[in-house]
Structures are given as structure tokens and as C-alpha cells.
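Data block below; observations after.
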Amino acid sequence: MRKVFQAELHQVGEELIQIATLVQQALGSARTAFLDADIQLAEEVISNDARIDFLQNDLDERSIDILALQAPVASDLRMIVGALRMSASLERMGDLARHLAQLARLRFPEPVLPASMRGHFEEMFDIDLKLITRMISVLEDRDISEADEIFALKSHLNMKHQQVFEMLADPSWDSSVPTAVDVTLASRYLERIGDHGVSVARKVSYLVTGDWAPVTESRPTGHGPIGTDAGE
């Protein structure tokens, strides 16, 4: 029975990684759709979000079954509770990538952004994609020493988000009100994707250490797939 239980936990961990990888792919495609007014890619991101939703629901049902049938304790209980919360963050990241694609579809065939802001948003997308890559690595290896880079990327993203408002308030801003709204929404979506990535990193830290504390401080390093025994 213990082997079956551990296999179920491992499967939950693998499904988290699968969802995170789909989120990464969604944001990469949303980046191109948003920056280049690519309507085909935008439609793909929007339709593919249903798969992320399905996998999240499946993972949550599996986790609840484990809670009900196996009555896990200690690190195993942390794993299941953490998985339920991480899956919600990952699903939301997928939704935000879909929102970016929907903006591209709404404004097609015109680009969402004025040309002067393209480079700024390229950087914001790239920061989020790097952050997600690190997040997946943390999920795969439980090496929470990588979390510091996630937090540094998020700080950079916060700065870029704030700069968007400064650009909009600049007297030289001469684009339309709908464009200002689109720019504000897009920046907020990208900033929130980073927030959810940080949230996942926090929960992996909790899973490894059992300590729910600010994750900017140094942490011991753990290894092994998310679904395996972490010990106490």
C-alpha cells in the first residue's frame, strides 16, 4: 500500500510539471501573438487553455482522493495541500496568457502596442518566461536555492510594470484611450504571472522545509522529484 501511495504522490508531482510546461508554452505563443498580431497563434493559445483547465481539475480530484483515502500526514500532507494550491496558481497563469492572446485577437489586424512600447513589453515577456523556466526547475528538482533567482526576476518585473505607468503619465504619450487601457491590462497580466510563479516557489519551499516563512532568506537545498518522500 505504501508503494501505491508513493506512486500516487509522484504522479501528482509529474502532473504539476506537465501543467507548468503547458503554461510556459502558452506564454511563449502569447508573446508572439501579442507582439506580432499573429491571430492564428492567439486562437491556439485561447483554445489550448482548456487543456490546462482540464489537467488542473484532474490533479485536484486526484489530490482530494488521496486525502480522503490515504489520510497522509507530515511531509506527505504538505505535498498534497501544496499541490492543490500550486495547481490553482498554474491554472491562473494559463488564464493570464490567454488574456494576452485575447487582447491580440481583439485588436487584430493592428498590434496592441504602440511601436514605442514594443521593446519594453518584449523585456517583460522575457522576464516572465525566464521566471517560469526557473519555476519548472524548482518543481522538478526541489532545489530551492534557485528560488532567489525567481525573486530577483520578479523584482525586475515589478520595476518594468511601474515604468509602464510612468510612460502612460508622460506628457509625450499620444496614443488613444483604448490603447492606454490595453497597455495597462497587458502589463498587469504579465506582472501577475510573475506573482503566481513566486507563489509556486514559496509552496515548494514550504514542501521541502515545512517552514512557511519569507522566501527571500536562504534555504536548505533538497533534491528529488516533487512527488517523492521529502522527509520532515
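The values are calculated or read from the model by the stated rules, or taken from the named source; none is laboratory data. Treat the numbers as computed from the prediction; the structure is a model and nothing was measured. Cβ sites come from the backbone with ideal geometry, for glycine too, and all protein chains shown count toward neighbours. With ligands, DNA and RNA removed, areas are computed over all heavy atoms of the protein, side chains included. Shrake-Rupley method; radii C 1.70, N 1.55, O 1.52, S 1.80 Å.
Structure notes:
- When you restrict to C-alpha pairs under 8 Å that are six or more residues apart and normalise by the size of region 74-175, the relative contact order lands at 20 percent.
- Extent of region 147-198 along its three principal axes (Cα atoms, max minus min coordinate, largest first): 40, 17, 8 Å.
- What you get for region 51-142, charging only the Cβ of Lys and Arg (+1) and of Asp and Glu (-1), is a dipole of about 200 debye around the Cα centre.
- Computed magnitude of the charge dipole of region 1-209 (debye, nearest 20; Cβ of K, R +1, Cβ of D, E -1): 460
- Per residue value of the accessible surface for region 1-209 (all protein chains in place, 1.4 Å probe), Å²: 44
- Angle between the chain longest axis and helix 147-169 axis [Cα atoms, degrees, rounded to 10]: 20
- The value of relative contact order for the chain, using C-alpha pairs under 8 Å at least six residues apart, is 31 percent.
- Selection among 75, 4, 40 by position relative to the dipole of region 1-143 gives 75 as farthest towards the positive end (Cβ unit charges, Cα centre).
- Counting only aspartates and glutamates at least 8 places from residue 3 when in the same chain, those with an alpha carbon closer than 15 Å to its own are 76, 229.
- Cβ-derived FRET efficiency at R0 22 Å, residue 195 paired with residue 58, nearest 0.05: 0.35
- Measuring nothing but protein heavy atoms, the accessible surface of the chain at 1.4 Å probe radius is 53 percent carbon and sulfur.
- Proximal lysines relative to residue 160, as straight alpha-carbon distance under 27 Å, when same-chain residues fewer than 8 apart are discounted: 130, 203
- Region 1-51 - Debye-derived log10 I(q)/I(0), Cα point model, q = 0.16, 0.17, 0.26 Å⁻¹: -0.55, -0.58, -0.89
- When each of the peptides 177-184, 191-198, 123-130 is scored by the mean number of other C-beta atoms lying within 10 Å of its residues, the order from highest to lowest reads 191-198, 123-130, 177-184.
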